[in-house]
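These notes concern the structure reproduced below.
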Amino acid sequence: MTSLKITVIGTGYVGLVTGVCLSSLGFQVHCVDVNPDIIATLQSRRIPFFEPGLQDLLIQGVDQGRLHFSTEMECAEDADLIFIAVGTPSSETGEANLSYVRDSVTDLASRVKEGAIVVIKSTVPIGTNRDLQDTLQRLSGKKIHVVSNPEFLREGAALQDFMSPDRIVIGSMDPGAEGTMHRLYRFFSERGVPFLFASPETAELIKYASNSFLALKIGFINELSDLCERLNADVMDVAQGMGLDQRIGKDFLNPGPGYGGSCFPKDTLALAHMADAHQVPLTLLKTLIQSNETRKQNIAQKIIEACGGSVRGKTLGILGITFKAETDDMRDSPSLVILPLLEAAGAKLTIYDPQGMAAGQRYFEGASWGTSPLQVAHVSDALVILTEWKEFGSLDLETIAREMKTPLLIDMRNLYKPRMIPSALTYVSLGRGA
């Protein structure tokens, strides 16, 4: 099993997690990136983003001689499997930008060996894998197999998701390539992980459909939380009651300020664009995309209303600016919409985030930066929870109430139950009736 030689092109989130985890399974892995600064960081045994446990596993792979980093593509020349895991950002129309994928394929064509398998981890539009195989074979003059192998990694839980996956999806046009992929992932098949072998187009669509459906769950519970406030119902109990139904499940039913990150916004837009291009408009998805944008604006207004209808001249303490907990990722974070709206309404911001402050300083130049939740509370007229970091759910609320100018906690992640709130602290949350 471990005789397979692997090259991973792209050391962003997906590529680095893939390379590090495959090395931990005993494979020789070379990770390649065109950015010399990123490679220098990795060669110094550090990772360029926050992901729990990843740096320790990287160090293990380097120390054991299985994990290597380079800016040069020569390592792909004798690779049996070459993973492409570069970004596919949204264009202005919402269509996925494939320039990084196509550049990687062009660079690879002169180096790849006969019979090699190129595995597309990047999330790409339907039909891309088949097109890339045609391109590679034309440019290289060799028989090359391209396989779709979409990733289903959650930021903050990537190691768990890679090492204990719900399923492994393989989209291939060649039985021999399918056999090699099964050999690659034998560790998982021996542990009962389901494998789904399908056409490349089906595998590509599975990724988009999965992310879009999860985003729909988030959008639905967010809208339902607004209705709960009008009907004197508790959205948390509603979500629990729904989630106990095995047909629905409890995950992604937590109300909040809207979905963000590197996947859901990009993938919902791309799927909607593809559907329009084929004259099959996905009206539910289009409505969700607009609803999610409106959600961020409504959360900003909810914060203003909780502060008595105006935040002009007030200092708001912001707890959390990353799009979710356990990551330093600011991409499409709801805070990027909500906080500028609060500043435009006259608020001064003091921010604390366990991992997001370095990145956040590029976006919120006029804000002050705190050293702890308590220190932020001390200078604030209201304390606003925007990200569900665990430490924000275990604050000393009695002390928070004493420290604040105005004891007001605005919890936009419902980390607390109302009965936990001391009488000295005014508490505002989502989807809970009076």
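Every read-out reported here was derived from the displayed coordinates using simple, explicitly stated rules and does not represent laboratory data. As the structure is a prediction and not an experimental result, all values here were calculated from the model. When we count neighbours, we look across all protein chains shown, and the Cβ atoms used for this are built from the backbone with ideal geometry, even at glycine.
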Starting from the amide H of Val147, placed 1.01 Å from N in the peptide plane, find each other amide H under 5 Å away whose residue is 5 or more places distant or on another chain. Val118, Val119, Ile120
Whole-Hz ³J(HN,Hα) for each residue in region 398-414, computed from phi via Karplus 6.51 cos²θ - 1.76 cosθ + 1.60 with θ = phi - 60°, x for glycine and proline: what do you get? 4, 5, 4, 4, 6, 7, 7, 4, 10, x, 10, 10, 10, 9, 8, 10, 6
For region 1-149, diffusion coefficient by Stokes-Einstein and Kirkwood Rh (Cα), 20 °C, 1.002 mPa s, µm²/s: 138 µm²/s
Relative to a virtual label point 7 Å from the Cα of Asn97 in the Cα→beta-carbon direction, which members of region 242-286 show backbone nitrogen distances below 16 Å? 262-263, 265-267, 269-270
Can you give the FRET efficiency for Thr135 and Ser164, using 1/(1 + (r/R0)^6), R0 = 35 Å, r = Cβ-Cβ distance, to the nearest 0.05? 0.50
What's the Cα-based Rg to Rh of region 359-434, Rh via Kirkwood? 0.97
Could you give the length gained on full extension between Met420 and Phe213, defined as 0.36 nm per residue of separation minus the Cα-Cα distance, in nm? 71.2 nm
Treat each spin label as a single point 7 Å out from the Cα along the C-beta direction, and report the Asp251 to Met173 distance in nm. 3.2 nm
Between the modelled labels at Glu391 and Glu77 (7 Å from Cα along Cα→Cβ) the distance in nm is 4.9 nm
Restricting the calculation to Cα positions, tell me the Rg (one decimal) and the Dmax (whole number) of region 185-300 in Å. 16.8, 52
Förster-model FRET efficiency, 25 Å R0, Arg183 and Gln43, C-beta, rounded to 0.05: 0.25
Val8 long-range amide H proximity, modeled H, under 5 Å: His30, Cys31, Val32, Phe83
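Arrange the following residues from fewest to most other Cβ atoms within 10 Å of their Cβ: Thr287, Thr315.
Working: Thr287 13, Thr315 17.
Fewest-to-most Cβ neighbours within 10 Å comes out as Thr287, Thr315.
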Take each uninterrupted DSSP H stretch in the chain, measure its Cα extent along the helix axis, and return the ones at 27 Å or beyond whose mean Kyte-Doolittle hydropathy is at least 0.0. 200-231
Hey, can you grab everything whose amide H is under 5 Å from the amide H of Ile318? Only 5+ residues off in sequence or another chain; H modelled, so Pro and N-termini drop out. Thr350, Ile351, Tyr352, Val384
Mind listing the phi-derived Karplus ³J(HN,Hα) values for region 373-379, rounded to whole Hz, using 6.51, -1.76 and 1.60 with θ = phi - 60°, and x for any glycine or proline? x, 5, 5, 5, 4, 4, 9
Spin-label zone in region 190-233 - amide nitrogen under 18 Å from a point set 7 Å from the Cα of Leu244 along the C-beta vector: 233
DSSP-defined beta bridges in the chain - what % are antiparallel, rounded to 5: 5 percent
Selection of GluC sites (Glu not before Pro), region 173-279, meeting DSSP coil and at most 12 other Cβ within 10 Å: Glu190
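Which length gain, in nm to one decimal place, applies between Ala358 and Gln279 when the Cα-Cα distance is subtracted from 0.36 nm times their residue separation?
Once the chain is fully extended between Ala358 and Gln279, it gains 24.1 nm.
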Please report, for the Cα atoms of region 299-428, the Rg to one decimal and the Dmax as a whole number; what are they, in angstrom? 13.2, 38
